[in-house]
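Visitor: Pasting a structure here, questions to come.
Derivation of every value follows stated rules applied to the coordinates shown; laboratory data play no part. All values reported here derive from a predicted model rather than from experimental measurement. Cβ placement follows ideal geometry from the backbone for every residue including glycine, while neighbour counts extend to all protein chains displayed.
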Amino acid sequence: MSLKKVLLFASLSVMLVSIFGCGSNGDNSTESTSDSGKITLTLTSSMTDEVRVNIMNETIKIFNQTHPDVNIEYSPSAWSEYAQGLKLSFNSDSGQDIVYVDDTMQQMLQKNNFLMDITDDVKSRGWMDKEVEGAIDFQNARTPGKYYSVPYATAPVVVYYNKDIFSKLNLTPPKTMDEFDTILAKVKEAGYVPMENGGMSNMPKMWSVFHLLYNQVSMDDVKQFYFQQGITPEFEKAFTAALNQVNEWERSGFYRKEDASIDGSAVPTYYAKGQSAMVLGGNWDIPNYEGTNVPTGAFPFPKQDANSEAHMIVNATDGGWALNANLNEEKKQAALDFIDTFMHPNVVELWYEGGTTPTIKSDMSSAEVSDLKKEVDQAIQGTQMGFFLDNAVPGLFDIVNKQLQLMSFQKNTPEQAWQEIKQEYEKLSAAAQGQ
């Protein structure tokens, strides 16, 4: 740990002691304490990478400075196994005390009454004021007015761009779709690859579809689709238009010629050759593009036109901390205090420097992060959060990806692709609601 972090840790400990005192006072149920008198809280998340595991351990140490009577047992699980692990543990009455959940996991647990309603605690602890506007409501969008989890980070998708190519062609980051289309054409004419995609995974292309759709339809229509409440005519029209747009880009040669044979994981490698102008990617991709040694910047996917009031991008809350519904009062208060620790500015800085984009309001001007990290987070200022629409129902990602692949091979039209997506969405929604 750097000297800065050591000093930060020490000063933070003193501040938190003054804020929280020496721990929570609750009932003394024997269920919540061990023989030594300590409270034990079990904690799980899908954060298994070394960086975030280390930061979590530091966060736990900071929490224990003010709560020495609370023992936190942290057991992360790989994303591929995480949802199933949560389902099995809670169904067998062995669910963890504090769990990290995205929207689909939260609803899986909440509809079976496994999660605690913490609405009153969110309000009484002032968390709505500490979080950026809309973050807590977004995380709990399926239960308006009731809160079952509290986020601490978002997962924005932005456009990464090659600054050298933009400079050589005298281009500036676009603000509207017309400007974006003009740049794509100029880049192709100059002999560069306008956009990388990764044809076998199609993630950048899929995110383009979602961004384009957000530019052309109301959030109410999006919510109906996302919450499996049906498809409005406006949504259908916008989704079809978005598919037509990416299809037109492909037909115009704006993606790499050999795109269909490229695996998505290889996109940064192709970008590193310095011949690609742009690629859509998440904030988790920052290290990949920093490692290419290509001067890289970031901008938000453009608005439809200059007169558009809202500017929504693909940027859902990464997940939220939720509590087991069976916690007694003593464990509940300790768990809430642990969540509160994530909202202290210096703890926010720890996570920010570790790569997250926080949902907590805090001045990060003194944080030690790369220029690209700063650009990514500056790029999303003033934008509104939008869902990763492939998460609307389990299995939808595979359907959308397959149809994008068929479009690439000219095996279907955008209209045919939409009809297949719509049909499968309705089947998957019916199956999910029947569980």
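Visitor: Using amide H atoms built in the peptide plane, which far-off residues or other-chain residues are under 5 Å from N71 H to H?
Guide: Distant-sequence amide H within range of N71: I39, T40, L41.
Visitor: Give me the orientation-averaged projected area of the Cα convex hull of region 366-435, in nm², one decimal.
Guide: Result: 8.1 nm².
Visitor: Towards the positive end of the charge dipole of the chain, with charges on Cβ (+1 Lys, Arg; -1 Asp, Glu), say which of T48, Y270, I136 has the farthest Cα.
Guide: After comparing all options, I get Y270.
Visitor: Let me ask something else. If you plug each phi of region 92-103 into the Karplus form 6.51 cos²θ - 1.76 cosθ + 1.60 with θ = phi - 60°, what whole-Hz ³J(HN,Hα) values come out, in order, with x for Gly and Pro?
Guide: Using θ = phi - 60°, the values come out as 9, 6, 10, x, 5, 6, 10, 10, 9, 10, 8, 4 Hz.
Visitor: Out of these labelled values of semi-axes √(5λ) of the Cα gyration tensor in Å, (1) 40, 26, 18; (2) 33, 30, 20; (3) 37, 22, 20, which was calculated from the coordinates shown here?
Guide: This structure yields the entry labelled (1).
Visitor: Here is a further query. Provide, as a two-decimal number, the C-alpha radius of gyration of region 150-216 over 2.2 N^0.38 Å, N being how many residues it has.
Guide: Values: Rg = 14.0 Å, N = 67, 2.2 N^0.38 = 10.9 Å.
Ratio of Rg to 2.2 N^0.38 Å for region 150-216: 1.29.
Visitor: For the chain, what relative contact order do you get, as a whole percent, if you take Cα pairs closer than 8 Å and at least 6 residues apart?
Guide: Reported as a whole number, the value is 23 percent.
Visitor: Next question. Can you list the residues, at least 5 places off or on another chain, whose amide H is less than 5 Å from the amide H of Q384, using H built in the peptide plane?
Guide: For Q384, whose amide H was placed from the backbone, the distant partners under 5 Å are H311, M312, I313.
Visitor: Let me ask something additional. For the charge dipole of region 164-258, defined by +1 on Lys and Arg C-beta atoms and -1 on Asp and Glu C-beta atoms about the Cα centroid, which residue among L243, G253, Y214 has the Cα displaced farthest towards the positive pole?
Guide: So the residue furthest toward the plus end is G253.
Visitor: Debye sum, Cα scatterers, region 112-236, no solvent: what log₁₀ I/I(0) at q = 0.18 1/Å?
Guide: Evaluating at q = 0.18 Å⁻¹ gives log10 I(q)/I(0) of -1.08.
Visitor: In sequence order, what are the phi-derived ³J(HN,Hα) couplings for region 57-73 according to the Karplus relation 6.51 cos²θ - 1.76 cosθ + 1.60 with θ = phi - 60°, rounded to whole Hz, with x for glycine and proline?
Guide: Using θ = phi - 60°, the values come out as 4, 5, 5, 5, 4, 5, 4, 5, 5, 9, 9, x, 8, 10, 9, 9, 9 Hz.
Visitor: Right, next: Can you give the FRET efficiency for T413 and N293, using 1/(1 + (r/R0)^6), R0 = 45 Å, r = Cβ-Cβ distance, to the nearest 0.05?
Guide: 0.65
Visitor: Quick one: what are the phi-derived ³J(HN,Hα) couplings along region 336-348, Karplus 6.51/-1.76/1.60 with θ = phi - 60°, whole Hz, x for glycine and proline?
Guide: Along region 336-348, the couplings run 5, 4, 5, 4, 4, 4, 5, 9, 6, x, 6, 6, 4 Hz.
Visitor: With each run of n ≥ 4 DSSP H residues scored as -39500 (n - 2.57), what mean residue ellipticity at 222 nm is computed for the chain after dividing by its residue count and rounding to the nearest 500 deg cm²/dmol?
Guide: When only DSSP H runs of four or more count, the value is -14000 deg cm²/dmol.
Visitor: Hey, got the Cα dimensions of region 311-424 along the principal axes, in Å, largest first?
Guide: 56, 44, 22
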